[in-house]
1. Run lengths n ≥ 4 of DSSP H only: what is the helix-derived mean residue ellipticity at 222 nm for the chain, with -39500 (n - 2.57) per run over all residues, to the nearest 500?
2. Once label points are set 7 Å from the Cα along Cα→Cβ at both residue 52 and residue 76, what is their separation, rounded to one decimal in nm?
3. If r is the Cβ-Cβ distance from residue 17 to residue 62 and R0 is 35 Å, what FRET efficiency results, to the nearest 0.05?
4. Limiting things to C-alpha atoms, what are the Rg and the maximum Cα-Cα separation (Dmax) for the chain, in angstroms?
């Protein structure tokens, strides 16, 4: 019997001059994480100075969900590609709205 181990598909971390961090980690797991129905374990994070601004994850027992500006919401997972697109879209919205990044 062959037992599949978890495989890290992606780990990308960027730290920006203003202290913001974007980190995306995606694993292919042999069995779904408790309360999820797909073979991925993931944690996507955007924050600044220790505060989570946008986060998508499927914590064991909680299943797929995301965090926006201190609130938690359920997330309907369809694919890893869509997950990353949804995360980056929310990050860009926050960056576009963040007046502290304006040069003037």
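1. Numbers: 1 runs with 18 residues, N = 104.
Theoretical 222 nm ellipticity from helices: -6000 deg cm²/dmol.
2. 2.3
3. Values: r = 33 Å, r/R0 = 0.95.
Working from the Cβ atoms, E equals 0.60.
4. Radius of gyration, then largest Cα-Cα span, for the chain: 15.1, 63 Å.
Bear in mind these aren't lab numbers, they're just calculated from the coordinates by the rules spelled out. In this text, all values refer to a predicted model and were calculated from it rather than measured experimentally. Heads up, the Cβs are rebuilt from the backbone with ideal geometry, glycines too, and the neighbour counts pull from every protein chain shown.
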